[in-house]
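Every number in this text was worked out from the coordinates using simple rules, so none of it is lab data. Worth saying up front: this structure is predicted, and the values here are computed from it rather than measured. Virtual Cβ from ideal backbone geometry, glycine too; neighbours counted across all protein chains shown.
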Amino acid sequence: MARITYDATTANSFRAVREIPRDGLAAWEDAVRRHLDPSPGMTVVDIGAGTGAFAAAFCDWFGARVVAVEPSEAMRALIPVRPDIQVRAGHAAALPLPDAGADAAWLSTVTHHVPDLPAAAREIRRVLRPGAPVLVRNAFAGRYERLRIVRWFPETARVLDTYPSVEETCAAFAGAGFAPTALESVPQTDIASLAELLERADALRDADTLMRSLSEQEFTRGKERLREAVGAQDPAADPAAVDLTSSLDLLVLR
Ligand SMILES: C[S@@+](CC[C@H](N)C(=O)[O-])C[C@H]1O[C@@H](n2cnc3c(N)ncnc32)[C@H](O)[C@@H]1O
């Protein structure tokens, strides 16, 4: 069971406020390119592909063919229809792929939803060619200094600390024969101003596992913090001076 239900309402909110515009993902394109060593036509399995934003990005950035595996029907329904993306029902521990049929696995903000990570790692081992990388984009317990949401809604750290840590994730994958080869913090930009973040707060509360965990009071306090910061901004100040980025970790295993 995922931590939240990805029904049609959540899927639409996810698309509206969680998908990061492509130009906010430049650092991710660069980081993934370095670790994936892509070649056109390679097969990438996107596990927990959601609404397919990264599946489409991998096709466009690297000329990959992506098998987008996603358990939620509502999320699958929003994955772009295009010849280089195959959409499949499934989950991390039951991948609808042949043995050694994929050149890389991508898991973006998924590991904390997977109930049995060691079983998922064994299944990923089965579908990957020997030596192929697993790229995990996630927040990990204890490592969220550069995660913007924690700055404004600090109580989200409570749930973040229940996510698998880097050590736990590596241990789960070690059981399937994988070893970590890289860990880096990678920034992304999905908003143009703090006012935009404030505008999105209600929809984010529906689409984001961390925001959902907040009590009414914690959520209201966070919005108040944001409102004060927006109000205190000098309209003449350079908007580029405000740090609007947020970072997640990229953990690579082979
Ligand atoms: C936060 S969304 C991330 C979607 C996408 N990877 C992205 O980054 O845009 C998490 C996704 O994981 C899926 N999910 C939940 N449990 C899963 C599991 N056991 N195996 C694979 N995916 C799962 C959910 O249905 C949801 O679409």
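Observations, loosely collected:
- Förster radius 22 Å - calculated FRET efficiency between ASP30 and ASP60, Cβ distance, rounded to 0.05: 0.95
- Computed from the C-beta positions of ARG22 and ASP116, the FRET efficiency with R₀ = 51 Å rounds to 0.95.
- Extension gain from VAL81 to ALA2, taking 0.36 nm per residue of separation minus the Cα-Cα distance: 26.0 nm
- The chain: angle of helix 26-36 to the longest principal axis, Cα-based, in degrees nearest 10: 20 degrees
- Computed over the alpha-carbon atoms, the chain gives an Rg to Rh ratio of 0.97, Rh here being the Kirkwood radius from the mean inverse distance.
- Stokes-Einstein D (µm²/s) once Rh is taken as the Kirkwood radius of segment 6-141 over alpha-carbon pairs, at 4 °C in 1.567 mPa s: 87 µm²/s
- Acute angle (nearest 10 degrees) that the helix 216-232 long axis makes with the longest principal axis of the chain, alpha-carbon atoms: 70 degrees
- Paramagnetic reach from GLU228 (point 7 Å along Cα→Cβ, amide N under 20 Å) across segment 145-170: 148-157
- Each residue, ASP99 and GLU184, gets one label point 7 Å from its Cα in the Cβ direction; the gap between the two is 3.5 nm.
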